[in-house]
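A.B. asks: What follows is a structure written as structure tokens; I'll ask about it next.
The values are calculated or read from the model by the stated rules, or taken from the named source; none is laboratory data. Just so it is clear, the structure is predicted and the values come from calculations on it, not from any experiment. Here the Cβ positions follow ideal geometry from the backbone for every residue, glycine too, while neighbour counts run over all protein chains shown.
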Amino acid sequence: MNKLFLTEKIKNVIAPEKPKIFFMHIPKTGGSSVDSAIARFYKRSSYNVDPAFSKTASKILCNPDNASSRDYNMFVFRQYLALHEMVKGTKYISGHVRFNLDIWNAYQSQYAYITILRNPIKRYISQYFYDAFKKDDHARVSEDLPNYLRSNKGKERGHSYINYLSNASSQETCSVQEKLKLAKDNLDKFQLVGFLEHINIFVERFKNQFGLSLRIPHKNKNPISRPQVDDKMIQQIEEVCEPDIELYEYAKKKYLSEILPL
């Protein structure tokens with residue numbers, strides 16, 4: 001028997017090869033903390049699609065005048081970066097990368113797709129205050145909350161879940177309901193879906209599926225620790241986030257109903 005082959009076989013028995021994972025990090029869902037916890041197991045083979053650097057790079061390549069097309073091209077560029085790492089065989093890949101069916105079809109047998117969701121109202125509020133009071137310029141928000149809710153960007157942020165999971169945000173002929181259906185279909189393809197409000201269940205399931213025990217730190221703390229939003233604003237946020245709320249409830253029913261009363 002080949003000595004090198006025998007050495008590798010012994011190494012895999014002592015320390016089994018870690019599974020390949022793609023972590024879709026939807027902003028302000030606790031994903032930075034989860035990403036950090038997983039990445040520590042993959043120090044020799046991991047790649048994070050940096051949001052600020054990828055945005056700058058995509059502007060150089062794509063630079064159309066239309067803002068919505070520019071944003072979509074940025075997400076396409078991030079998909080290419082993630083795909084490049086899959087082709088290389090990088091074991092852990094993460095980032096603000098939208099679902100792409102072609103990539104999933106090509107690599108579903110090699111990579112486990114995972115993500116974390118959070119109550120859409122809380123996620124929206126967290127992202128607004130994080131972007132409004134951040135120190136760096138990347139994705140900073142200048143409007144107050146009432147004006148932000150009325151802006152195109154504010155409305156788009158209320159559809160973060162369906163945009164990430166449907167990958168259909170640039171298709172003007174695709175209705176919100178069509179996006180929602182696509183998002184549900186694509187979410188069904190994920191091997192593990194966690195919920196920030198029940199992070200202990202995610203940690204337990206992650207260990208059962210991948211054999212790794214996560215210790216999740218608290219990363220990317222919001223500069224406003226307890227933002228105050230009145231009931232009128234909450235109602236407006238609920239209206240903006242309506243499709244994301246439906247997707248979130250669908251996900252909870254699918255992935256939590258056998259454990260928690262919903």
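A.B. asks: Please state which one of ILE103, ILE116, ILE125 is assigned to a helix (DSSP H, G or I), β-branched (Val, Ile, Thr) and either without any contact (Cβ under 8 Å) to a residue 12 or more places away in the chain or under 30 Å from GLN228 (Cβ atoms) (or both).
C.D. replies: Numbers: ILE103 fails: either without any contact (Cβ under 8 Å) to a residue 12 or more places away in the chain or under 30 Å from GLN228 (Cβ atoms) (or both); ILE116 fails: assigned to a helix (DSSP H, G or I).
Step by step, each of ILE103, ILE116, ILE125 is checked, and only ILE125 is assigned to a helix (DSSP H, G or I), β-branched (Val, Ile, Thr) and either without any contact (Cβ under 8 Å) to a residue 12 or more places away in the chain or under 30 Å from GLN228 (Cβ atoms) (or both).
A.B. asks: Which numbered condition trips up LEU196, out of (1) more than 18 Å from ARG123 (Cβ to Cβ); (2) at pLDDT 95 or above?
C.D. replies: Every listed condition holds for LEU196 apart from (1).
A.B. asks: I need the full set of residues from segment 192-221 which are of a type in the set (Lys, Arg), surrounded by fewer than 15 Cβ atoms within 10 Å (Cβ to Cβ) and assigned to a helix (DSSP H, G or I), in order please. Working first, answer last.
C.D. replies: Looking only at segment 192-221, we keep the residues that are of a type in the set (Lys, Arg), and these are 205, 207, 215, 219, 221.
Going one step further and asking which of them are surrounded by fewer than 15 Cβ atoms within 10 Å (Cβ to Cβ), we end up with 207, 215, 219, 221.
The one that is of a type in the set (Lys, Arg), surrounded by fewer than 15 Cβ atoms within 10 Å (Cβ to Cβ) and assigned to a helix (DSSP H, G or I): LYS207.
A.B. asks: Looking for whichever is more than 22 Å from ASN163 (Cβ to Cβ) and basic (Lys, Arg) here; the options are LYS207, LYS184. Which one fits?
C.D. replies: Working: LYS184 fails: more than 22 Å from ASN163 (Cβ to Cβ).
That would be LYS207, the only listed residue that is more than 22 Å from ASN163 (Cβ to Cβ) and basic (Lys, Arg).
Yes or no, residue by residue, for (1) modelled with pLDDT of 95 or more; (2) within 18 Å of THR29 (Cβ to Cβ):
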position	(1), (2)
TYR161	yes, yes
CYS174	no, no
PHE202	yes, yes
PHE206	yes, yes
SER213	yes, no
HIS218	no, yes
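A.B. asks: Out of curiosity, is PRO146 surrounded by 15 or more Cβ atoms within 10 Å (Cβ to Cβ) and either at pLDDT below 95 or closer than 26 Å to ILE234 by Cβ (or both)? Don't jump to the end; show me each part of the working.
C.D. replies: Details: surrounded by 15 or more Cβ atoms within 10 Å (Cβ to Cβ): no; either at pLDDT below 95 or closer than 26 Å to ILE234 by Cβ (or both): yes.
Answer is no for this residue.
A.B. asks: Checking SER33 against (1) farther than 30 Å from LYS254 by Cβ; (2) in contact with a Pro (Cβ under 6 Å, 6 or more places away or on another chain), which test does it fail?
C.D. replies: (1)
A.B. asks: Residue check, THR173 against (1) loosely packed, with under 14 Cβ neighbours inside 10 Å; (2) part of a helix (DSSP H, G or I); (3) free of Cβ contacts under 8 Å to residues at least 40 places away in the same chain, all met but one. Which one?
C.D. replies: (2)
A.B. asks: Now, a different point. Only one of (1) among the polar types (S, T, N, Q); (2) over 15 Å from the mean Cα position of the chain (by Cα); (3) at pLDDT below 95 is not met by ASN167, so which one is it?
C.D. replies: For ASN167, the failing item is (2).
A.B. asks: Please find, among LYS189, LYS181, the residue that is more than 22 Å from VAL49 (Cα to Cα), among the basic types (Lys, Arg) and surrounded by fewer than 18 Cβ atoms within 10 Å (Cβ to Cβ). Quick ask: steps written out before the conclusion?
C.D. replies: Numbers: LYS189 fails: more than 22 Å from VAL49 (Cα to Cα).
The conditions single out LYS181.
A.B. asks: Sort out which residues of segment 44-98 are among the aliphatic types (A, V, I, L, M), surrounded by fewer than 19 Cβ atoms within 10 Å (Cβ to Cβ) and modelled with pLDDT under 95, and write them in order of number.
C.D. replies: ALA52, ALA57, ILE60, LEU61, ALA67, VAL76
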